[in-house]
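Visitor: Handing you a structure now.
The values are calculated or read from the model by the stated rules, or taken from the named source; none is laboratory data. As the structure is a prediction and not an experimental result, all values here were calculated from the model. Note that each Cβ is placed from the backbone with ideal geometry, even for glycine, and that neighbours are counted across all protein chains shown.
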Amino acid sequence: MYNLPRGSAIALLLLAPSITAFFLQKYWVSRKQYVTITGKPTDSTIKLVSPFAKWVLFAFCVFIAAFVVLIYATIIWGAFASVWGFDNTPTLDHFRWVLNVGFRAIRDTLIIAGISTPIAGIIGMIIAFLVVRKTFPGKKLMEFTSMLSFAVPGTVIGIGYILAFNQPPFLLTGTLAILVLNFVFRFIPVGIQSGVAILQGVDPSIEEAAVDLGADSRKTFFKITLPLMIPAFFSGLLFSFVRAMTAISAAIFLVSPRWNLMTVHIMSQVDSGRLGAAAAYSLILVAIVIAAIFIIRMLLLILYGKAGGKMLKI
């Protein structure tokens with residue numbers, strides 16, 4: 001309704017529970033240690049649950065998986081049906097409309113996600129390394145502020161960007177820059193948490209041993225620390241890309257006729273009653289995300305295999 005003051009007031013109410021949960025999580029995690037890679041032999045004994053509990057858990061997982069498959073099947077049905085729920089004659093008209101009229105939104109989404117994903121992943125890994133392995137003034141402040149955007153609801157972020165970048169000298173509303181900035185700073189915490197989890201699980205004595213054997217700090221980082229962080233880096237990349245492709249809570253406030261997103265188009269088609277076009281958009285979006293997951297995992301296997309070979313040479 002274009003009432004930003006009232007929207008900001010409602011958004012402020014969302015901050016209380018999210019910030020509270022954020023501080024409780026930080027307090028709980030800070031009290032424990034999670035070192036799992038120590039370079040020392042460990043007990044490999046595996047304790048299994050009882051057969052009855054195993055089958056109960058398996059049945060529950062099958063039920064959840066079937067429900068998820070049903071949702072995807074419904075999207076496929078709606079994308080190919082002439083009129084979903086009324087005329088189920090197979091047709092490609094919805095895809096023709098999306099690729100002709102709405103192709104620009106697909107292109108814009110790929111460009112925005114492609115730019116923001118590597119930036120968020122690299123910055124996240126750098127901050128994670130500094131937070132876990134280095135000591136410097138302002139370390140706690142940097143860790144807190146870098147993670148804060150993850151604790152703030154997307155609607156609050158969106159309204160905040162509108163209010164902050166809606167007038168000179170920071171007039172970014174409606175541009176590519178504001179969408180990229182939103183996704184980068186929105187999803188940096190994922191990369192940070194992935195890197196922190198990996199580094200906290202690695203005993204620093206492994207890196208200290210490399211230094212004792214004659215490796216300098218640069219060689220230790222590139223031959224020991226970096227290979228261990230590669231899985232976290234790619235998992236942060238994967239999450240950032242998927243969320244950039246599917247985000248809507250903050251982005252819906254920031255899109256413009258010049259730069260739009262597929263998720264916003266899906267909402268628009270649903271509001272217009274064009275469920276077939278919305279389902280076709282959704283199916284294309286799912287296909288892009290699945291392709292991205294496959295590509296990133298293949299790169300991880302290739303690069304992690306090379307990194308593992310380098311570690312064995314030391």
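Visitor: Looking at segment 45-53, can you tell me whether even one residue there is modelled with pLDDT of 80 or more, surrounded by 10 or more Cβ atoms within 10 Å (Cβ to Cβ) and under 28 Å from Q193 (Cβ atoms)?
Guide: no
Visitor: Shifting gears a bit: Quick check on segment 1-28: of everything there that is more than 18 Å from G158 (Cβ to Cβ) and surrounded by 13 or more Cβ atoms within 10 Å (Cβ to Cβ), which residue is nearest to the chain's Cα centre (by Cα)?
Guide: Filtering segment 1-28 for residues that are more than 18 Å from G158 (Cβ to Cβ) and surrounded by 13 or more Cβ atoms within 10 Å (Cβ to Cβ), the one nearest to the chain's Cα centre (by Cα) comes out as F22.
Visitor: To continue, here is another question. Considering every residue within segment 68-77, establish whether at least one is touching a Gly at 6+ places or on another chain (Cβ under 7 Å), touching a residue at least 24 places away in the same chain (Cβ under 8 Å) and crowded, with 16+ Cβ neighbours inside 10 Å. Lay out the reasoning, then the answer.
Guide: Taking segment 68-77 first, the residues touching a Gly at 6+ places or on another chain (Cβ under 7 Å) are none.
Scanning segment 68-77 turns up no residue that is touching a Gly at 6+ places or on another chain (Cβ under 7 Å), touching a residue at least 24 places away in the same chain (Cβ under 8 Å) and crowded, with 16+ Cβ neighbours inside 10 Å.
Visitor: Against the condition over 24 Å from Y72 (Cβ atoms), in contact with a strand residue (DSSP E or B) (Cβ under 9 Å, 6 or more places away or on another chain) and of a type in the set (A, V, I, L, M, F, W, C), how does L254 come out, does it pass?
Guide: Numbers: over 24 Å from Y72 (Cβ atoms): yes; in contact with a strand residue (DSSP E or B) (Cβ under 9 Å, 6 or more places away or on another chain): no; of a type in the set (A, V, I, L, M, F, W, C): yes.
No: the conditions fail for L254.
Visitor: In addition: For segment 239-273: of the residues being of a type in the set (G, A, S) and surrounded by fewer than 21 Cβ atoms within 10 Å (Cβ to Cβ), which is modelled with the highest pLDDT? If you could, list the steps in order and put the result at the bottom.
Guide: Looking only at segment 239-273, we keep the residues that are of a type in the set (G, A, S), and these are 240, 244, 247, 249-251, 256, 268, 272-273.
Then drop every residue that is not surrounded by fewer than 21 Cβ atoms within 10 Å (Cβ to Cβ), which leaves 249, 256, 268, 272-273.
Details: S249: 82, S256: 85, S268: 88, S272: 85, G273: 85.
Top of the filtered list is S268.
Visitor: What about A59, is it part of a helix (DSSP H, G or I) and over 15 Å from I284 (Cβ atoms)? Show your work before the answer.
Guide: Values: part of a helix (DSSP H, G or I): yes; over 15 Å from I284 (Cβ atoms): yes.
Yes, satisfied.
Visitor: Just the residues that are over 18 Å from the mean Cα position of the chain (by Cα), hydrophobic (A, V, I, L, M, F, W, C) and in a loop (DSSP other than H, G, I, E, B), please, taken from segment 239-265.
Guide: Selection gives L254, V255, W259.
Visitor: Among the numbered criteria (1) modelled with pLDDT of 85 or more; (2) in contact with a Phe, Trp or Tyr (Cβ under 9 Å, 6 or more places away or on another chain), which single criterion is violated by R96?
Guide: (2)
Visitor: Return yes or no: is T135 outside any helix (DSSP H, G or I), of a type in the set (V, I, T) and touching a Ser or Thr at 6+ places or on another chain (Cβ under 8 Å)?
Guide: On the way: outside any helix (DSSP H, G or I): yes; of a type in the set (V, I, T): yes; touching a Ser or Thr at 6+ places or on another chain (Cβ under 8 Å): no.
Criteria not met by T135.
Visitor: When you go through G160, G236, G191, G195 one by one, which is the residue that is crowded, with 21+ Cβ neighbours inside 10 Å, in the same structural domain as L110 (by TED's automatic domain parsing) and more than 13 Å from the chain's Cα centre (by Cα)?
Guide: Values: G160 fails: crowded, with 21+ Cβ neighbours inside 10 Å; G236 fails: more than 13 Å from the chain's Cα centre (by Cα); G191 fails: more than 13 Å from the chain's Cα centre (by Cα).
Of G160, G236, G191, G195, the one residue that is crowded, with 21+ Cβ neighbours inside 10 Å, in the same structural domain as L110 (by TED's automatic domain parsing) and more than 13 Å from the chain's Cα centre (by Cα) is G195.
Visitor: Hey, another quick one. Identify, by number, the condition in (1) among the aromatic types (F, W, Y); (2) surrounded by fewer than 20 Cβ atoms within 10 Å (Cβ to Cβ); (3) in contact with a Ser or Thr (Cβ under 8 Å, 6 or more places away or on another chain) that F183 doesn't meet.
Guide: All conditions are met except number (2).
Visitor: How many residues does segment 144-162 hold that are out of contact with any helix residue (DSSP H, G or I) (no Cβ under 7 Å at 6 or more places or on another chain) and among the aliphatic types (A, V, I, L, M)? Don't jump to the end; show me each part of the working.
Guide: Applying the first criterion (out of contact with any helix residue (DSSP H, G or I) (no Cβ under 7 Å at 6 or more places or on another chain)) to segment 144-162 yields 144-145, 148, 154, 160.
Keeping just the survivors that are among the aliphatic types (A, V, I, L, M) gives 148.
The number of residues fulfilling the criteria is 1.
Visitor: For segment 176-222, which helices (runs of 4 or more DSSP H) that fit wholly inside it have 1 or more residues that are at pLDDT below 80 and out of contact with any helix residue (DSSP H, G or I) (no Cβ under 9 Å at 6 or more places or on another chain)? Even if it seems obvious, please write down each step before you answer.
Guide: Values: elements: 176-200, 205-212, 217-220.
The helices (runs of 4 or more DSSP H) meeting that bar are 205-212, 217-220.
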